[in-house]
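Comments concern the structure below.
The values are calculated or read from the model by the stated rules, or taken from the named source; none is laboratory data. Keep in mind that what you see is a predicted model, and the values were worked out from it rather than measured. Neighbour counts run over all protein chains shown; Cβ positions are idealised from the backbone, glycine included. What goes into the accessible areas is simple: the full protein's heavy atoms, side chains included, and nothing from ligands, DNA or RNA. Shrake-Rupley method; radii C 1.70, N 1.55, O 1.52, S 1.80 Å.
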Amino acid sequence: MMTPLKSVSVLVVDDNPLVRDLVAKGMEPHCEVTTASDGADALLHAVDHPPDLIICDYKMPGLDGRQLYEKLRGREQTRNIPFIFVASRGDIEEKLRPLVDGVEDFITKPFFLKDLVRLAKKVVDRVHL
């Protein structure tokens, strides 16, 4: 049994509280989890305490996932944070993949939590090293 790597921090951003809690619970054994309910909230969190990884819903009211990504890429202290986007297949193919460079990965909705956690854990493990 491995001890959780609490030194790695992950920010989970989703406007749906059910999804947000599910992902946070899935990630908690592997890292320190912070959640944000929208892009603006996430931006404040990330700037104040840059996480090691951001798992972010693409479609959110107000500041969406891509805008959040672009704002964070524009700042020195948050430029290199790995991002995993959660989005519908159509959004990934049409809006995200072509526009967003340097994204760690995309998870297609609906997703299996274990797949998301496995993917995120790869990033977490790499960050930890």
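Of note:
- Residues whose amide H lies under 5 Å from that of residue 33, counting only those 5 or more places away or on a different chain, are 10; hydrogens are built 1.01 Å from N in the peptide plane.
- Links that overshoot a 18 Å alpha carbon limit, given the list 95/121; 95/122; 59/95; 25/121: 95/121; 95/122
- When Rg and the Kirkwood Rh are both derived from Cα coordinates, the Rg/Rh ratio for the range 73-129 amounts to 1.00.
- Relative to the current alpha-carbon distance between residue 122 and residue 89, full extension at 0.36 nm per residue lengthens the span by 9.7 nm.
- Carbon/sulfur fraction of accessible area - the chain, other protein chains in place, 1.4 Å, %: 54 percent
- Solvent-accessible surface of the chain, averaged per residue with a 1.4 angstrom probe and all protein chains in place: 54 square angstrom.
- Stretch in the chain that is longest and holds no trypsin sites (Lys or Arg not before Pro) that DSSP places in a loop and that have at most 15 other beta carbons within 10 Å: 7-74
- When P(r) over Cα pairs in 5 Å bins from 0, in percent is computed from the coordinates, the matching label among (1) 2, 9, 19, 23, 23, 15, 8, 2, 0; (2) 2, 11, 24, 26, 22, 11, 3, 1, 0; (3) 2, 11, 21, 22, 18, 11, 7, 4, 2, 1, 0, 0 is (2).
- For residue 83, the amide hydrogen comes within under 5 Å of the amide hydrogens of 54, 104, 105, counting only partners 5 or more places away or on other chains and with H modelled in the peptide plane.
- Taking 0.36 nm per residue of sequence separation and removing the Cα-Cα distance, the residue 129/residue 115 pair yields an extension gain of 2.9 nm.
- Computed from label points 7 Å out along Cα-Cβ, the spacing between residue 59 and residue 97 is 1.8 nm.
- The chain: calculated mean residue ellipticity at 222 nm from DSSP helix runs of at least 4, using -39500 (n - 2.57): -11000 deg cm²/dmol
- For the range 36-68 versus the range 69-129, the inter-centroid distance based on Cα atoms is 12 Å.
- Of all aspartates and glutamates in the structure, the ones whose alpha carbon falls short of 19 Å from that of residue 114, not counting any fewer than 8 places away in one chain, are 14, 21, 28, 32, 57, 104, 105, 125.
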